[in-house]
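Below is one structure, written out as structure tokens; the observations come after it.
The values are calculated or read from the model by the stated rules, or taken from the named source; none is laboratory data. All figures in this text were calculated on a predicted structure; none of them were measured in a lab. Cβ placement follows ideal geometry from the backbone for every residue including glycine, while neighbour counts extend to all protein chains displayed.
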């Protein structure tokens with residue numbers, strides 16, 4: 001008897017799940033239907049800023065695998081522009097709206113993967129529907145923005161929101177020669193960093209000629225003849241031929257919630273380590289789920305392609321009869337804006353306090369290579385450790401080329417609950433073109449260990 | 001009563017120890033004399049290839065701290081060209097030969113740090129004393145070679161030994177416009193990698209126009225009028241106006257051994273985690289010691305500046321009355337030759353077999369950035385896991401810009417004894433300018449996990 005798997009969402013999570021399930025179970029054993037409401041599947045949403053900025057020449061470059069590949073090579077019945085509008089858990093079927101002809105049909109399932117992604121925050125601001133105001137969530141958004149940049153020859157752009165997407169879009173628009181302003185309600189841009197490190201990002205942005213309007217959110221947009229002319233923040237009017245909304249997103253779970261699939265406190269779908277929801281035979285993966293933060297030990301919802309892929313892989317292996325788990329996250333993220341690089345892992349000072357930790361912090365300036373080696377760049381590393389134990393809770397890096405990917409070593413140290421003193425002994429790679437003799441990661445750990453020690457008043461440390 | 005600390009060796013290990021001890025104990029409490037036989041102290045030996053290659057303009061750039069700094073700011077009595085010729089453990093004193101005037105004197109100690117470094121392998125080959133044959137161990141060697149390259153206008157260079165130093169010197173000579181040949185007795189260059197990865201290094205070297213003579217060691221040098229004219233390897237004469245010997249080195253322990261300080265099976269001085277030798281009040285650190293390999297659980301002697309610094313720091317903190325340990329190594333190393341990058345950590349296949357492991361291996365080709373992002377470079381990653389358990393034992397990387405420093409994440413995974421399946425869940429940083437959505441480290445781990453699983457014949461894995 002052929003089992004029926006329905007996957008809602010044809011992107012990283014959904015199609016990873018489908019592919020992994022197929023790897024382990026042939027078409028006679030498992031029929032797979034993947035339903036994607038948009039006209040695109042399996043694309044890199046993270047690549048949109050580089051499409052807009054011109055580093056990526058062709059929208060097709062962002063497509064990881066063509067739809068035919070799923071049908072022809074993997075026997076996955078991927079249906080584009082087919083939107084699931086209802087999940088009926090009692091009858092084990094979804095209702096699908098086919099946008100190509102407007103028809104509706106029911107698709108029965110034995111197993112279901114919910115991979116409905118995230119929804120961008122689009123606050124209901126006056127003027128937000130004006131022409132020239134763009135989101136950057138989907139490939140269609142990206143293509144629309146690209147056309148605007150290339151054809152309408154805008155001069156002034158306002159990016160609303162100074163998170164990762166906001167910064168990457170700001171870079172894209174700077175590269176296109178626009179005058180770019182960034183509006184963010186926070187004290188500093190990049191609110192996922194501590195303000196002391198966010199201030200370094202602000203400095204970098206000003207360095208790139210981006211004007212910053214911080215500490216006040218956008219209240220609306222002025223328009224003329226249906227076209228946006230300015231963004232209003234506080235008492236200011238910031239001129240804009242073009243507005244990009246990068247205000248983050250939240251799990252897209254209306255469909256799941258309406259069906260009675262439990263949603264957690266973060267508004268993401270709840271799953272266990274194997275990506276099972278509490279409903280028998282129903283799995284979820286990707287931006288629509290909440291996951292477990294290994295340091296705060298709390299649920300979090302973090303929309304990120306790499307998590308989506310891993311969660312989809314785990315779900316697919318499990319559906320295929322194997323065993324795989326997604327253990328949770330430590331909150332690692334990285335971004336580039338022109339020659340600046342920004343990264344974080346673990347908890348920020350504020351997040352650590354919220355999770356009940358008392359912390360010790362250290363910010364260290366060091367160099368990406370041996371100081372005498374050409375191309376050495378300055379970088380600042382912040383480490384946050386638990387008082388008393390000295391356990392590494394989080395780290396942040398702001399620097400130039402070669403700085404930020406060092407966050408991976410710190411992410412592993414956080415993952416394993418290492419103390420900063422233990423970290424000073426780590427066998428990290430050293431040669432002058434790659435690091436000073438004390439890698440910046442080790443310098444930061446060493447300085448933090450010294451501070452932990454001074455606070456402890458004891459004899460250990462440096 | 002002022003305690004007397006004598007440090008033998010004025011480089012990374014010795015002066016780190018001296019500085020850390022001084023940090024914790026003032027001059028009235030601890031008198032510190034550091035004795036250095038050469039005319040230079042506190043310099044980066046690892047920087048010599050870049051001095052010769054011209055990336056580093058001035059020999060002074062390689063000096064981390066001027067001798068005056070130690071005397072004036074740290075109250076460390078650093079004496080250059082003062083060579084310790086004997087250690088008298090019974091009378092607690094060293095005999096010093098002052099090369100400035102040829103005089104000898106005794107310097108008493110309560111605590112002693114032996115940091116005598118490494119000695120280059122200089123096989124006693126016919127012609128090895130000819131003009132034009134250079135070692136690259138000390139800054140004086142480096143300066144002599146630099147003068148030869150700049151003034152004598154050599155055209156053909158032979159590098160003997162294809163390890164890290166050999167490759168870095170080959171790059172330096174290529175940059176100086178010489179025709180470079182590399183002679184190595186091994187099947188492939190970079191014998192610290194497995195031959196399958198070494199073959200990629202060979203390819204890279206040929207790509208750079210370097211001629212390789214593999215599988216036969218150098219048997220001697222031809223000379224004319226006292227100047228080298230060729231290196232003899234097997235039946236070949238490889239023309240050479242200039243020869244660089246990069247045959248590795250061994251712990252320099254004659255002085256310590258003569259005094260009765262125990263030397264281990266690797267010929268390095270034995271110490272515990274706190275860098276104490278078995279002799280009361282005698283410490284050792286740096287290239288002259290043997291350390292503990294955390295995977296093979298065997299003693300190893302690895303000459304590397306970053307270990308020397310950490311070991312010296314630990315010794316100094318302990319002498320200062322604090323507590324610090326050097327826990328051992330996992331064998332991480334990294335090197336760059338022109339646009340190629342090479343790195344390793346943990347055990348190679350051969351080392352793993354020797355240590356009693358049965359292994360599973362996987363070599364994965366991937367990309368340093370998202371495939372569509374400009375500047376993405378191909379890289380190959382090899383992972384070696386234990387059969388059955390799937391524990392990561394080692395990894396090697398050969399690639400281009402942005403590839404090799406990823407070894408740090410793998411080094412941490414080895415350090416913590418992670419399985420390759422566990423690694424697939426690691427929260428490494430992802431954004432298109434820094435990595436594909438599955439980081440090369442994760443792809444390699446995933447493929448290895450699948451292989452472990454297939455061999456196990458079970459249901460887990462991908």
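Restricting attention to the stretch B:1-18, the residues being assigned to a helix (DSSP H, G or I) and either surrounded by fewer than 24 Cβ atoms within 10 Å (Cβ to Cβ) or over 20 Å from the mean Cα position of the chain (by Cα) (or both) number 1.
Okay, residues lined up against (1) within 19 Å of residue B:51 (Cα to Cα); (2) surrounded by fewer than 23 Cβ atoms within 10 Å (Cβ to Cβ):
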position: B:77; (1), (2): no, yes
position: B:85; (1), (2): no, yes
position: B:91; (1), (2): no, yes
position: B:116; (1), (2): no, no
position: B:131; (1), (2): no, yes
position: B:170; (1), (2): yes, no
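On the stretch given as the stretch B:421-459, residues that are touching a strand residue (DSSP E or B) at 6+ places or on another chain (Cβ under 8 Å), surrounded by 24 or more Cβ atoms within 10 Å (Cβ to Cβ) and within 7 Å of chain A (Cβ to nearest Cβ) total 4. From the list A:147, A:155, which residue is free of Cβ contacts under 8 Å to residues at least 60 places away in the same chain and either more than 21 Å from the chain's Cα centre (by Cα) or farther than 20 Å from residue A:9 by Cβ (or both)? Unique residue meeting the criteria: A:147. Which condition breaks for residue A:187 when tested against (1) touching a residue at least 60 places away in the same chain (Cβ under 8 Å); (2) farther than 21 Å from residue A:46 by Cβ; (3) part of a loop (DSSP other than H, G, I, E, B)? (1) is the only condition that residue A:187 fails. Among the numbered conditions (1) facing chain A (nearest Cβ under 9 Å); (2) in contact with a strand residue (DSSP E or B) (Cβ under 6 Å, 6 or more places away or on another chain), the only one that residue B:376 does not meet is (1).
Which residue, of B:244, B:279, is under 27 Å from residue B:90 (Cα atoms), over 17 Å from the mean Cα position of the chain (by Cα) and in contact (Cβ under 8 Å) with a residue 12 or more places away in the chain? Just one listed residue meets the conditions, B:279.
Residues checked against (1) in contact (Cβ under 8 Å) with a residue 60 or more places away in the chain; (2) closer than 30 Å to residue A:171 by Cβ:
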site	(1), (2)
A:59	yes, yes
A:73	no, no
A:81	no, no
A:96	yes, no
A:104	no, no
A:113	yes, no
A:127	yes, yes
A:136	yes, yes
A:143	yes, yes
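Under the condition of being outside any helix (DSSP H, G or I) and within 8 Å of chain A (Cβ to nearest Cβ), the residues counted in the stretch B:295-318 number 1. Report yes if residue A:383 is crowded, with 23+ Cβ neighbours inside 10 Å and either under 29 Å from residue A:16 (Cβ atoms) or within 14 Å of chain B (Cβ to nearest Cβ) (or both), otherwise no. No, not satisfied.
Residues in the stretch A:404-420 that are more than 8 Å from every other protein chain (Cβ to nearest Cβ), surrounded by fewer than 24 Cβ atoms within 10 Å (Cβ to Cβ) and touching a helix residue (DSSP H, G or I) at 6+ places or on another chain (Cβ under 9 Å): A:418, A:419. For the stretch A:70-86, the set of residues classified as in contact with a strand residue (DSSP E or B) (Cβ under 9 Å, 6 or more places away or on another chain) and within 18 Å of residue A:31 (Cβ to Cβ) consists of A:70, A:71, A:74, A:75, A:76, A:77, A:78, A:79, A:82, A:84, listed by residue number.
Summed over the stretch A:33-57, residues that are surrounded by fewer than 22 Cβ atoms within 10 Å (Cβ to Cβ) and without any contact (Cβ under 8 Å) to a residue 60 or more places away in the chain total 1. Before we move on, is residue A:354 crowded, with 19+ Cβ neighbours inside 10 Å, more than 7 Å from chain B (Cβ to nearest Cβ) and at pLDDT 95 or above? No: the conditions fail for residue A:354. So residue A:234 clears everything in (1) on the phi > 0 side of the Ramachandran plot; (2) within 14 Å of another protein chain (Cβ to nearest Cβ) except one condition, right? Which one? Among (1) on the phi > 0 side of the Ramachandran plot; (2) within 14 Å of another protein chain (Cβ to nearest Cβ), residue A:234 violates only (2). Being farther than 30 Å from residue B:457 by Cα and more than 14 Å from chain B (Cβ to nearest Cβ) is true for just one of A:30, A:62, A:35, A:51. Which residue is that? It is A:35. Only one entry of B:264, B:328, B:281, B:321 meets the criterion of being within 14 Å of chain A (Cβ to nearest Cβ) and closer than 25 Å to residue B:109 by Cβ, and that entry is B:321.
The residues of the stretch A:282-293 that are crowded, with 18+ Cβ neighbours inside 10 Å and more than 15 Å from residue A:92 (Cα to Cα), listed by number, are A:284, A:285, A:286, A:287, A:288, A:289, A:290, A:291, A:293.
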